[in-house]
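Quick notes on the structure that follows.
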Amino acid sequence: MNQTSNGGTAGTQTSTPTEPLVKVIAFIATLGGLLFGYDTGVIAGALLFMKHDLHLTSLTTGMVTSFLILGSAIGAIFAGRVADRFGRKKVILVMAVIFMAGSLGCATAPNVEMMITFRFILGLAVGGAAAIVPVYIAEIVPANRRWQFVTLQELMIVSGQLIAYTSNAAINEVWGGETTWRWMLGVACVPAVVLWVGMLFLPDTPRWYAMHGRYREARDVLERTRHSRVVEKEMGEIRKSMSSKSEKNARRKKTISTWMKRLVALGIGVAMLQQLSGVNTIMFYAPTMLQATGLGTNASLLATIANGVISVIMTFVGIMLLSRFGRRPLLLTGQIGCTCTLLAIGLLTWLMPETVDGHPDVLRSYLVLAGMLIFLCFQQGALSPVTWLLLSEMFPMRIRGMANGISVFAMQMTNFSIAFLFPTLLEKFGLTNTFFAFAAIGIAGGIFAVLFAPETQGKTLEQIEKHFKKHLQDDPAPQTDN
């Protein structure tokens, strides 16, 4: 399962230039990732003001933060199924509308109950975008550039978080006050409008058209997004994948093969691995944690911007590393690095005194921040980009939307559980024990990655499907497509 193949279409396309339309499609579609990042990151600063204006407790703080993630889990699983039936493009258009409605609802919420409700609604769009945008991009871009454009989604997510952290600090400086959080949450309407308008003019993917027998439209999209010399070969691979006997029988019976179920289980494990590192406790609660170490509100907000900057820089680094190394080595590096850093932060908060001469130890606070930044180097430079890329490409065409939706559902339910429980864990057990707990979980995740992390570098989507079918099917004998 961990073998790499660099032949076939992927090798043929290595020197093939990317058509301009592909770049436009990738930029507009990944605005969904920008909104994902902004809406998950903005709450980090908004909570500092919202807790006074809406009288939040530890419980309601966890609910305001985590109900967006709960909504995203549900949005992901439904969006995946709907996208397989009605198209990737239509789902992204609907998600853009929900982004607009949810952002406005959060910004104008009169009480904590309405805030939690609109955060849940906004989460439906976050989850739908997380599940479908990578699939949309993976199916529409050339195989040799898939790693680059799919990971652009992760870059847009962390860029959205950086914009959120920066705008939080800027809005606080200009309009500081108890209602500052309303402006912070309302800004997300702008990219949502751009996403909706832009998607109106983009096509759906050639593989979705082919899955529904619309081969003429599939060819048209390939001709607009590929160099002319590779269109016929890729179209032939798509037709071959859709016309195999096993695929026809499965579609006729509307069943999912055993090897596909095993692959979905593997996808769930890969997806959960990304969240079990505890990354979003740092992205959501960094100001809260830094306040707990003794920093003031303004200093905590400004310090959190460093998290966003490092995330963006390291995502660029991760994209470059993906062009040199396979998926599996980066996944293992990211997992091991994150776990070691969490352990180091736990030791730091345990061994260093909280106060010096009766005052909070500022050095301890900044060392914790430094630990967070090192953690994000491994998370955003390796673990997160590889996770999104693997999920977008590892599933067969017939169940790609549904399977990716199920995997993102598992990811976001893990995220929800952590985000919901973290304020209570922090209050009951303290910063040190909480970081030690995440480190222990990270060790278990590392064992999973060593045993099961797949390698998909250098293969077209059709070659990846054939590879997993061969390695996960019940019958080890080679299978023919006809």
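Observations on the structure shown:
- Any hit, the range 209-220, residues being assigned to a helix (DSSP H, G or I) and within 30 Å of Tyr38 (Cα to Cα): no
- Gly236 falls short on exactly one of the conditions (1) under 29 Å from the mean Cα position of the chain (by Cα); (2) at pLDDT 75 or above, and that condition is (1).
- Residue in the range 240-254 that is modelled with pLDDT of 85 or more and either assigned to a loop (DSSP other than H, G, I, E, B) or loosely packed, with under 14 Cβ neighbours inside 10 Å (or both) present: no
- For the range 200-213, the condition of being under 20 Å from Met100 (Cβ atoms), modelled with pLDDT of 80 or more and open to solvent by less than 50 Å² (accessible area, probe 1.4 Å) holds for at least one residue.
- Matching option when the condition is farther than 30 Å from Met397 by Cβ, modelled with pLDDT of 85 or more and more than 21 Å from the chain's Cα centre (by Cα), among Leu348, Leu290: Leu348
- Per-region count, the range 127-185, residues charged (D, E, K, R), at pLDDT below 80 and assigned to a helix (DSSP H, G or I): 4
- First in the range 49-62 and over 10 Å from Val112 (Cα atoms), second anywhere and outside any helix (DSSP H, G or I) and of a type in the set (Ser, Thr, Tyr), Cβ under 9 Å, 6 or more apart: Phe49/Thr179
- Of the residues contained in the range 330-345, one or more are found to be in a helix (DSSP H, G or I), among the polar types (S, T, N, Q) and open to solvent by 50 Å² or more (accessible area, probe 1.4 Å).
- Verdict on Ser417 being among the polar types (S, T, N, Q) and either open to solvent by less than 10 Å² (accessible area, probe 1.4 Å) or touching a strand residue (DSSP E or B) at 6+ places or on another chain (Cβ under 9 Å) (or both): no
- For the range 293-311, the tally of residues that are at pLDDT 85 or above and either surrounded by 18 or more Cβ atoms within 10 Å (Cβ to Cβ) or not in a helix (DSSP H, G or I) (or both) stands at 1.
- Just one of (1) open to solvent by 50 Å² or more (accessible area, probe 1.4 Å); (2) at pLDDT below 85; (3) over 30 Å from Trp259 (Cβ atoms) fails for Ser58. It is (1).
- Scanning the range 439-466 for residues that are surrounded by fewer than 19 Cβ atoms within 10 Å (Cβ to Cβ) and closer than 16 Å to Arg262 by Cβ yields a count of 3.
- Selected residue [of a type outside the set (Ser, Thr, Tyr), open to solvent by less than 10 Å² (accessible area, probe 1.4 Å), out of contact with any His (no Cβ under 9 Å at 6 or more places or on another chain) and in contact (Cβ under 8 Å) with a residue 40 or more places away in the chain] from Trp196, Trp181: Trp181
- Per the conditions (1) small (Gly, Ala, Ser); (2) over 20 Å from Val135 (Cβ atoms); (3) open to solvent by less than 50 Å² (accessible area, probe 1.4 Å); (4) at pLDDT 80 or above, the sole criterion not satisfied by Ala410 is (2).
- In the range 430-468, the qualifying residues are those that are among the charged types (D, E, K, R) and at pLDDT below 85, and the one that is farthest from Leu389 (Cα to Cα) is Glu462.
- Qualifying residue in the range 319-327 (condition: over 29 Å from Thr166 (Cβ atoms), part of a helix (DSSP H, G or I) and not β-branched (Val, Ile, Thr)): yes
- Residues that are touching a Ser or Thr at 6+ places or on another chain (Cβ under 6 Å) and among the aliphatic types (A, V, I, L, M), drawn from the range 427-439: Leu431, Ala439
The values are calculated or read from the model by the stated rules, or taken from the named source; none is laboratory data. Bear in mind the structure is a predicted one, so any value in this text is a computation, not a measurement. Cβ sites come from the backbone with ideal geometry, for glycine too, and all protein chains shown count toward neighbours. Accessible surface is based on the protein model in full, side chains and every heavy atom, while ligands, DNA and RNA are left aside. Shrake-Rupley method; radii C 1.70, N 1.55, O 1.52, S 1.80 Å.
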